[in-house]
Structures are given as structure tokens and as C-alpha cells.
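The values are calculated or read from the model by the stated rules, or taken from the named source; none is laboratory data. Please read these numbers as outputs of a predicted model, since none were measured by experiment. Heads up, the Cβs are rebuilt from the backbone with ideal geometry, glycines too, and the neighbour counts pull from every protein chain shown. Just so you know, the surface numbers come from the protein's heavy atoms only, side chains and all, with ligands and any DNA or RNA stripped out. Shrake-Rupley method; radii C 1.70, N 1.55, O 1.52, S 1.80 Å.
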Amino acid sequence: MFTRRFLMGALSAVALMGPASVAHAADELYVPLVSKGFQHQFWQAVKQGAEQAATEMGVRITFEGPDNETMVDRQIDMLAAALANKPAALGFAALDSQAAIPLLRQAHKAGIPVIAFDSGVDSDIPLSTATTDNVAAASLAADKMAELIGGKGKVAVVAHDQTSRTGIDRRDGFVNRIKAEYPGIEVVTVQYGQGDHLKSTEVTKAILTANPDLAGIFGTNEGSAIGVVNGVQELGTAKDLVIIGYDSGKAQKDAIRNGLMAGAITQNPVGIGYETVKAAVMATKGETVPALIDTGFYYYDASNMDEPKISAVLYD
């Protein structure tokens with residue numbers, strides 16, 4: 001997804017790090033967080049949790065991400081710039097589970113602890129990953145789908161990508177659960193809308209046109225799920241279709257309250273941001289951090305979304 005020339009330039013930027021590149025006071029802990037994007041309310045909630053932890057722990061953070069979740073090159077550029085400032089530690093949510101590994105190796109050599117969040121990398125360089133158990137969460141979505149369609153019929157998946165750890169795990173968690181436990185259900189297709197609600201809308205309409213007898217669709221993140229809802233509404237031919245989403249946000253909550261979406265999986269984005277900064281601070285002090293920080297998940301629908309334990313992890 002990015003050129004060798006681009007990557008070499010990014011690596012050169014890190015290699016040139018020196019005393020003159022230190023942008024902050026020597027006694028100040030600086031922890032940049034490079035996320036997968038900013039276009040979803042999910043990331044704003046992660047940022048909120050990170051800022052809460054930074055305030056409590058007296059560290060300086062920055063939080064940034066590319067304009068959309070297809071911009072792997074842009075994220076690599078942001079990662080290189082963050083490392084060039086010689087931070088005390090780094091938080092990173094990978095758009096591509098392998099693309100950033102060369103830069104993360106440079107961070108490791110420079111003694112900069114890396115904490116992965118939301119979406120990990122295919123490497124043991126991160127000391128810890130603060131995330132949802134996405135395989136288990138998507139498996140729960142599959143169970144709910146099977147229950148709602150009576151254990152038989154055709155279903156489809158609109159996924160956000162096939163390169164990030166979250167995209168892979170949510171797709172496989174759902175598909176593999178259906179195949180293993182529900183022989184009466186067929187997953188007819190998995191399509192990718194890049195986490196963008198407009199692209200996911202068009203993908204959904206194409207799926208429904210090709211499969212007019214579809215019983216249900218699973219959308220694997222906020223943009224995917226809203227795209228599914230919009231696509232169904234625009235086509236207007238699948239009124240009994242069961243839609244299950246992932247994440248929260250006002251549009252999804254409204255869709256569930258209005259009966260357009262059956263339910264969704266919610267993560268704990270504030271907790272993800274908080275635990276990332278907490279683990280980063282621990283790492284700078286030489287303290288042991290757990291390899292995996294499971295921040296939890298719930299299935300919510302109109303019947304339970306106002307319960308305190310659920311509403312606490314939903315976001316607008």
C-alpha cells in the first residue's frame with residue numbers, strides 16, 4: 001500500500017533523530033498516539049480516554065490520525081514524525097498490521113516503548129495491546145444474528161478492511177462462528193467499504209441487488225454499519241433484513257431505537273485510550289505491563305442500551 005521509496009524516506013527521518021529534534025523539556029514525558037483515523041466518533045472517544053489519563057498522570061500527549069482509514073502512507077508519515085521527536089513512549093493503532101513494522105523496529109532500537117491500541121501489528125515489538133477481543137465480539141454478533149433469523153438463511157458481511165487486525169478478526173470471528181455452529185446459515189459474501197459510510201452504502205446496495213433473499217448483514221465498524229442501514233433504506237426492498245453493527249455513535253444508536261438496526265457490539269473506546277496512556281507511562285518507568293489489555297465489549301439493543309453498564313460505554 002505504500003512504496004519502498006516512501007518507506008525509506010520515513011526510515012531516514014527516524015535515523016536522523018538527534019538532540020536537536022527533542023521538542024519538549026527533558027523532564028516532561030511526551031507520548032504521541034497515532035490512531036487509524038478521525039472520521040468516526042469512536043476515535044474521538046478513544047482520544048477522550050487518552051486525555052483523561054494524561055491529565056491524571058501528568059504527561060503530555062498528542063493524538064492524531066489520517067483523514068480516513070485507507071491512508072496507510074499518511075499514517076506511516078505521522079508515525080515517522082512522532083518518532084522524530086524522541087518521545088518517551090508511543091501509542092499506535094495500525095491501519096496495516098505489517099506496514100509499520102520497519103518504523104517500529106527503529107523505535108525499539110531507540111529504546112522507545114510501543115503500546116498498540118485498538119488494532120495491533122504482526123510483531124512482538126509492542127509491549128502491550130489495549131484492545132477489544134474482536135474475535136469473541138464478532139462471534140457474539142454471529143450468535144445474535146443466528147438467533148434473530150431463526151438459524152437459517154443467507155447473510156453477508158460489510159467489513160471495513162482486510163489489512164488491519166480489527167478488520168481481519170471481526171470478519172473471521174463472525175464468518176467462522178457461522179460456519180462452525182450454524183449449518184443452516186450461509187455467508188454468501190464479504191465485501192469491503194473501507195470503513196466509509198458512503199462506500200459501504202454502495203457496497204450494501206450491490207449485495208442486496210445480487211442477493212434479494214438475504215436475511216441479514218453484519219457491519220464490522222461504525223462506518224460500515226451506518227452504510228448498511230443507509231443502503232437498505234435507499235434500496236427500500238429489504239424491510240425484514242436483520243442488521244447487526246459494531247461500535248456506537250449517535251447514528252447507530254438512533255437506528256437501533258428506530259428499529260432499523262437490530263443491535264450492535266459496543267467496545268469501550270474511552271477505556272482503550274485511557275489504558276494505552278497508562279501502559280505507556282508504566283513502560284517508561286520500567287514497570288511490567290500486561291501483553292494484552294482486554295477492555296471488554298457488550299451486545300446492545302433497544303432493550304438494554306439504557307442500562308448503566310451499557311450506556312457507560314456508548315458514545316455520541
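Structure data summary
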| read-out | value |
| --- | --- |
| Selection count where residues are out of contact with any strand residue (DSSP E or B) (no Cβ under 6 Å at 6 or more places or on another chain) and of a type in the set (Lys, Arg), scope the stretch 154-197 | 4 |
| Which numbered condition Ala264 fails, given (1) among the hydrophobic types (A, V, I, L, M, F, W, C); (2) crowded, with 20+ Cβ neighbours inside 10 Å; (3) over 15 Å from the mean Cα position of the chain (by Cα); (4) within 27 Å of Thr70 (Cβ to Cβ) | (3) |
| Filtered residue count, the stretch 289-304, keeping only those that are part of a loop (DSSP other than H, G, I, E, B), open to solvent by less than 50 Å² (accessible area, probe 1.4 Å) and more than 20 Å from Gln44 (Cα to Cα) | 3 |
| Residue in the stretch 57-79 that is over 18 Å from the mean Cα position of the chain (by Cα), open to solvent by less than 10 Å² (accessible area, probe 1.4 Å) and either hydroxyl-bearing (Ser, Thr, Tyr) or farther than 18 Å from Thr129 by Cα (or both) present | no |
| Candidates Gly173, Gly216, Gly227, Gly195 - the one that is at positive phi and crowded, with 20+ Cβ neighbours inside 10 Å | Gly195 |
| Of residues in the stretch 123-136 being surrounded by 21 or more Cβ atoms within 10 Å (Cβ to Cβ) and in contact with a Ser or Thr (Cβ under 9 Å, 6 or more places away or on another chain), the one farthest from Ile243 (Cα to Cα) | Ser128 |
| Residues satisfying the stated conditions in the stretch 147-170, i.e. over 30 Å from Ala94 (Cα atoms) and buried (at least 18 other Cβ atoms within 10 Å of the Cβ) | Ile149, Gly153 |
| Residue pairs meeting the criteria (Cβ under 8 Å; at least 6 apart or on separate chains; first of a type in the set (Ser, Thr, Tyr), in the stretch 136-150; second open to solvent by 60 Å² or more (accessible area, probe 1.4 Å)) | Ser139/Asn176; Ser139/Arg177 |
| Scan of the stretch 166-202 for residues that are assigned to a loop (DSSP other than H, G, I, E, B), free of Cβ contacts under 8 Å to residues at least 40 places away in the same chain and in contact with a helix residue (DSSP H, G or I) (Cβ under 7 Å, 6 or more places away or on another chain), ordered by number | Gly193 |
| Residue that is under 22 Å from Val157 (Cβ atoms), in contact with a Leu (Cβ under 7 Å, 6 or more places away or on another chain) and at pLDDT below 95, where the choices are Ala238, Ala262 | Ala238 |
| Number of the exception - Gln233 against (1) within 23 Å of Met71 (Cβ to Cβ); (2) surrounded by fewer than 24 Cβ atoms within 10 Å (Cβ to Cβ); (3) not hydroxyl-bearing (Ser, Thr, Tyr) | (1) |
| Within the stretch 94-107, considering residues that are buried (at least 20 other Cβ atoms within 10 Å of the Cβ) and without any contact (Cβ under 8 Å) to a residue 60 or more places away in the chain, the one nearest to the chain's Cα centre (by Cα) | Ala100 |
| Any chance Phe117 is over 19 Å from Leu241 (Cβ atoms) and modelled with pLDDT of 95 or more | yes |
| Test: residue in the stretch 32-44 that is more than 18 Å from Phe117 (Cα to Cα), at pLDDT below 95, crowded, with 21+ Cβ neighbours inside 10 Å and under 25 Å from the mean Cα position of the chain (by Cα) | no |
